[in-house]
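Everything below concerns the one structure shown next.
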Amino acid sequence: MTPEHDSQARRFTLATTPISVLDYELSGGRVVFTHTGVPDAFQGQGLAARLVEAGLAWARDQGLKVVPACSYVHLYIQRHPEWQNLVA
């Protein structure tokens, strides 16, 4: 399963039922990741990590700084120091 980016809805999604999401807001050269959600039936399969990796890679490609307002995104960045240089 590959995350898809819906720029109009400002979210990354995975095709689970219901869908898995990483929501964000844009503000002055920053992307604020606000929510990561994966249905209970899909917990523990690394889907949230896939969404966050896709979001962080997109932010890097766009030259955006990251504000990890979502606790999962914050924890993910702490555990993966290769992304820490993106944090605003």
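Where a number appears in this text, it was derived from the coordinates with a stated rule and is not lab data. The structure presented is a predicted model; accordingly, all values stated were derived computationally and were not measured. With ideal geometry, Cβ positions are generated from the backbone for all residues, glycine too; neighbour counts draw on all protein chains shown.
A cut-off of 5 Å between modelled amide H atoms, ignoring neighbours fewer than 5 places along the same chain, links SER20 with LEU14.
Could you work out the helix-only [θ] at 222 nm for the chain, with each DSSP H run of four or more residues adding -39,500 (n - 2.57) and the total divided by the number of residues, to the nearest 500 deg cm²/dmol? Intermediate values should be presented prior to the final figure.
Values: 2 runs with 25 residues, N = 88.
Mean residue ellipticity, 222 nm, calculated: -9000 deg cm²/dmol.
What size of dipole, in debye to the nearest 20, comes out for segment 1-69 about its Cα centre when the only charges are +1 on Lys and Arg C-beta atoms and -1 on Asp and Glu C-beta atoms? Could the numbers behind the result be given before it?
Numbers: 6 positive and 7 negative charges, 44 e Å.
Once rounded to the nearest 20, the dipole reads 200 debye.
Projecting the Cα atoms of ALA69, GLY55, THR17 onto the charge dipole of the chain, computed from C-beta unit charges around the Cα centre, puts ALA69 farthest toward the positive end.
Per q in 0.11, 0.17, 0.24 1/Å, what log10 I(q)/I(0) does a Debye calculation on the alpha-carbon atoms of the chain return? Evaluating at q = 0.11, 0.17, 0.24 Å⁻¹ gives log10 I(q)/I(0) of -0.26, -0.62, -1.23. The angle between the Cα long axis of helix 47-62 and the longest principal axis of the Cα atoms of the chain comes to about 30 degrees, rounded to the nearest 10.
If I take R0 = 22 Å and measure r between the Cβ atoms of ALA41 and HIS80 in this structure, what FRET efficiency does the formula 1/(1 + (r/R0)^6) give, to the nearest 0.05? Kindly include the intermediate steps, with their values, before the conclusion.
On the way: r = 25 Å, r/R0 = 1.15.
Once the sixth-power term is evaluated, E becomes 0.30.
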